Structure formats: structure tokens, C-alpha cells
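Participant: One structure, pasted below without further comment.
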Amino acid sequence: MTIDLRDVIGVPGHSIAFDYSPDLSELLTNSVTEIVGEPRVSGEVRNSAGLLTLRADVTAEVKCVCDRCLREFTREITGEITASLSEAESARDDPEYYFVEGTTLDPGEIIVTELILDAEQSTLCKEDCRGLCVSCGADLNEGDCACKPDIDPRLAALANLLE
Ligand SMILES: [Zn+2]
Ligand SMILES: [Zn+2]
């Protein structure tokens, strides 16, 4: 999906709206395993006093695997993205701007980049997921397993002495 910016570049006050289903496959990782259904993005590119801004609302549903307990779950991704665009040559290396090459723009690239920047470092089914027992592999969210908690080796030596 590309949008033609000729009606907004150099025309303060003008905007172009877009609404489509973006390709979010670049978001897939070991933890985010599947895009469910059709993601949606709607927004606009607006020229405000000569400055181009892209604003977009994204909604998508993804299938995830919890980093701690390996359980599968689905998560809703919703977000509002705002990005400054510039067709000025100096914007090429400026992290504040997305450089616009020519007069067309693929909003998908910006949306994917912003979503990756926003993504959480870890994928957890719930914030306090207890994960799996390192000894027996039991899912500790379902209750304690029969393994003994790790004992400090110095205390273990003491316990041996007392036996
Ligand atoms: Zn979990
Ligand atoms: Zn265990």
C-alpha cells in the first residue's frame, strides 16, 4: 500500500486519509508467532504549516507464546502512531524524521518500525507469570510442584552436618 503525497507536500492544511489492512508479518518473532485475522490501520498524513505528520491507529491480534511458561495466548495490539515525515535531503540521517523519497509513502513501513520500537522486551501471559519449574518443568501457575526450593549450598552443608 502506497499513498500519493503530491496533494499534501507543499500544500499546508491538506491531508490524505488511509484505511487498510497492513502486512505486519515483520512483527513475528519466537514469541509472537502468528497474526490473527486482518490487522487494521487508519489514519492520515497531514501538512501542518509545511510539516508532514503521519498519524495512525492500529489494531491487530497476535498469537504469542509466553517467555516463562510457554503457554499460547492471544494479545490485542492497539496503538496510536505519530511520526514526522520530511522530504528534505537532511532528513535522511535524522532520527527525528522518516525520510520521504519522492512523492509516495508506504505507511506500513513506518507503522511496523514504530510497533517494533514500542514492543515490550518480554512476552508474558500475565505480568506475574510464575513460569516453569527448572527441575521438573511443571507449570507453577497451576500450583507448586513437589521439588524442594533451592537451598543455599552453605546452608545445605550445615544441614548435612546436623544430620
Ligand atoms: Zn506465562
Ligand atoms: Zn518442580
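The values are calculated or read from the model by the stated rules, or taken from the named source; none is laboratory data. Only a predicted model underlies this, so the values are computations on that prediction, with no experimental measurement involved. We place every Cβ from the backbone using ideal geometry, glycine too, and count neighbours over all the protein chains shown.
Participant: Is it the case that Asp94 is among the charged types (D, E, K, R) and surrounded by 12 or more Cβ atoms within 10 Å (Cβ to Cβ)?
Facilitator: Values: among the charged types (D, E, K, R): yes; surrounded by 12 or more Cβ atoms within 10 Å (Cβ to Cβ): yes.
When the stated conditions are applied, Asp94 passes them.
Participant: Could you say whether any residue in the range 39-53 is closer than 30 Å to Gly131 by Cβ and either assigned to a loop (DSSP other than H, G, I, E, B) or not charged (D, E, K, R) (or both)?
Facilitator: Yes, there is a match, as at least one residue in the range 39-53 is closer than 30 Å to Gly131 by Cβ and either assigned to a loop (DSSP other than H, G, I, E, B) or not charged (D, E, K, R) (or both).
Participant: Tell me which residues, restricted to the range 5-20, are surrounded by 14 or more Cβ atoms within 10 Å (Cβ to Cβ) and either of a type in the set (Gly, Ala, Ser) or part of a loop (DSSP other than H, G, I, E, B) (or both).
Facilitator: Leu5, Asp7, Val8, Ile9, His14, Ser15 - these are the residues of the range 5-20 that are surrounded by 14 or more Cβ atoms within 10 Å (Cβ to Cβ) and either of a type in the set (Gly, Ala, Ser) or part of a loop (DSSP other than H, G, I, E, B) (or both).
Participant: For the range 54-70, indicate whether the set of residues that are in a strand (DSSP E or B), more than 16 Å from ligand 2 (Cβ to nearest atom), in contact with a Lys or Arg (Cβ under 9 Å, 6 or more places away or on another chain) and closer than 20 Å to Gly13 by Cα is non-empty.
Facilitator: So far as the range 54-70 goes, yes, one or more of its residues are in a strand (DSSP E or B), more than 16 Å from ligand 2 (Cβ to nearest atom), in contact with a Lys or Arg (Cβ under 9 Å, 6 or more places away or on another chain) and closer than 20 Å to Gly13 by Cα.
Participant: Give the residues of the range 101-137 that are more than 16 Å from ligand 2 (Cβ to nearest atom) and more than 23 Å from the chain's Cα centre (by Cα), sorted by residue number.
Facilitator: Glu101, Gly102, Thr103, Thr104, listed by residue number.
Participant: Six or more apart or on different chains, Cβ atoms under 6 Å: show the pairs whose first residue is in the range 36-59 and outside the structural domain of Ala91 (by TED's automatic domain parsing) and whose second is of a type in the set (D, E, K, R) and assigned to a strand (DSSP E or B).
Facilitator: So the pair list comes out empty.
Participant: Being assigned to a loop (DSSP other than H, G, I, E, B) and acidic (Asp, Glu) is the filter here; which residues of the range 81-127 pass it?
Facilitator: Those that are assigned to a loop (DSSP other than H, G, I, E, B) and acidic (Asp, Glu): Glu87, Asp94, Glu96, Glu101, Asp106, Glu120, Glu127.
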